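The values are calculated or read from the model by the stated rules, or taken from the named source; none is laboratory data. Since the model is a prediction, treat every value here as computed from it, not as a measurement. Reconstructed Cβ throughout: ideal geometry from the backbone, glycine too, with neighbour counts over all protein chains shown.
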Amino acid sequence: MSHVNAALTPRARLKIGRLIVEQGWSVARAAERFDVSWPTANRWAQRYRECGPAGMTDRSSRPHHQPTKTPQPTVRKIVHLRWKQRLGPVAIADKVGVAASTVHAVLTRCRLNRLSHVDRATGEPIRRYEHDHPGSMLHVDVKKLGNVPDGGGWRYVGRQQGNKNRSDTSGKAGNSHHNPKMGTAFVHTVIDDCSRVAYAEIHDDETALTAVAVLRNAVAWFAARGVTTERVLSDNGSCYKSHLWRDTCAELGIVHKRTRPYRPQTNGKIERFHRTLAQGWAFRRFYNSETVRRKALPAWLHEYNHHRPHTAIGKIPPISRLTNVPGQYN
C-alpha cells in the first residue's frame, strides 16, 4: 500500500498509465497533469504495458538475489544453539563465527528473538493447545499466599512496620523464634480450558476434603451456566492423588487427568492465571487486613470473567465464549 504522502495512489497510477498507453498522451504532459516527475510517469506507464491494472500496486522491495545471505547451515546452527542452550546473540556469534547483528537478524526471522517463544525446560518452540468447547477440560490448582497482617504487609508499609504489624496481629501462633505465624491463604482455582472462565475459593488448607468441596461447587457453578464438565486436569498434589478425589470424580462422571511430574507447563493456563491473580488482586493495592483482601476477590473475579479482555481468546472477556459457542451455552 502506498504511504499517506504518496503523489500517486493505485487508482491515479492506473489513470496515468491509461492516458499514456491507450489515449496517446505524452509522458511529459501526463506527468504535468498529475504533478509528478517524468521518470515516475514513465515508470507507471511501462508497468501498465507489462502487467495491466494488476501492476499498479506496490511490489515487494525484497531483492531477487541475495549473494551475501547467511548460509542455511549457519542458520540451522544458530537456531540449534538458541533452542538447546538458550544462548543470546553475542554468545551464539562467538560460537558460530558471525556478527551478533547477523545472529539477531536470523533469530528475528525465525521468530526466536524472544526466549519467551521457547519452552524453558526443553528448549523446543512452545506448542499451545486448546479444547474446542467449554467443559471439555477444567484445570485445577492451589495458589498459596501469606495472610496480610492487620495494618498491612511489608510490600506496602516496609519491612520494619510490616514486622510490627505481624506482632500486633492478634490470634496468631508464634514459632520457636517468637515470630508470629500469619498463616496461609489457599486459593483453590478452577479454569475452563476453552473459555478461560475462572472460579476460585479461599480456604485455610489444601486437604482432599477441601479440594473435593471446591470441585463440587465449581462443577455446579459451571452447570448453572450451561457447561457440562467432562475432564479435570490437576498436578500431582496430595489432595489430587487421594481416594476421595478419585471417588468424587467418578461420582460426578468426570475423567481425571494428571500432569507429568515437574512439568507445570502442561497446566500452563492456570499457572498464568495465578500470575494474573497475584498482580491484579493479591498484590494490586494496599490491604489493611486479610479479611479485606478476601472480600475483594469476588469483585475481581467478576471483572476478570465479564469485562477484562483476554489476549489468548481474541481480546474478548472469557464469559463471552460461554455464550458464543454455536448451538450451545445460550
Subset of the stretch 239-264 [acidic (D, E) and over 13 Å from A211 (Cβ atoms)]: E251
From the options W25, W44, residue that is part of a helix (DSSP H, G or I), touching a Leu at 6+ places or on another chain (Cβ under 9 Å), outside the structural domain of H104 (by TED's automatic domain parsing) and crowded, with 17+ Cβ neighbours inside 10 Å: W44
When residues of the stretch 1-50 are limited to those that are in contact with a Phe, Trp or Tyr (Cβ under 6 Å, 6 or more places away or on another chain) and touching a residue at least 24 places away in the same chain (Cβ under 8 Å), the one nearest to S61 (Cα to Cα): R13
Residue that is polar (S, T, N, Q), out of contact with any strand residue (DSSP E or B) (no Cβ under 6 Å at 6 or more places or on another chain), under 30 Å from P89 (Cα atoms) and surrounded by 10 or more Cβ atoms within 10 Å (Cβ to Cβ), where the choices are T74, T57: T74
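Considering only residues that are assigned to a loop (DSSP other than H, G, I, E, B) and either hydrophobic (A, V, I, L, M, F, W, C) or at pLDDT 95 or above (or both), look in the stretch 208-228 and name the one that is farthest from H133 (Cα to Cα). Working first, answer last.
Narrowing the stretch 208-228 to residues assigned to a loop (DSSP other than H, G, I, E, B): 224-228.
Checking which are either hydrophobic (A, V, I, L, M, F, W, C) or at pLDDT 95 or above (or both) leaves us with 224, 227.
Numbers: A224: 16, V227: 9 Å.
Looking at the filtered set, the residue picked out is A224.
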Single residue of N267, N236 found to be within 18 Å of A211 (Cβ to Cβ) and in a helix (DSSP H, G or I): N267
Residue in the stretch 238-257 that is exposed (fewer than 13 other Cβ atoms within 10 Å of the Cβ), of a type outside the set (D, E, K, R) and within 30 Å of D168 (Cα to Cα) present: no
Residue list for the stretch 291-302, restricted to those being without any contact (Cβ under 8 Å) to a residue 12 or more places away in the chain and within 22 Å of the chain's Cα centre (by Cα): H302
All positions within the stretch 28-41 that are in a helix (DSSP H, G or I) and among the hydroxyl-bearing types (S, T, Y): T40
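On the basis of being modelled with pLDDT of 90 or more, assigned to a strand (DSSP E or B) and among the aliphatic types (A, V, I, L, M), does L145 make the cut?
Criteria met by L145.
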Candidate set from the stretch 191-237 (those that are of a type in the set (S, T, N, Q) and surrounded by fewer than 19 Cβ atoms within 10 Å (Cβ to Cβ)); member that is farthest from R293 (Cα to Cα): T228
Hits in the stretch 138-160 - residues which are exposed (fewer than 15 other Cβ atoms within 10 Å of the Cβ) and over 17 Å from F283 (Cα atoms): Q160
Any hit, the stretch 252-265, residues being in contact with a helix residue (DSSP H, G or I) (Cβ under 8 Å, 6 or more places away or on another chain), at pLDDT below 90 and of a type in the set (D, E, K, R): yes
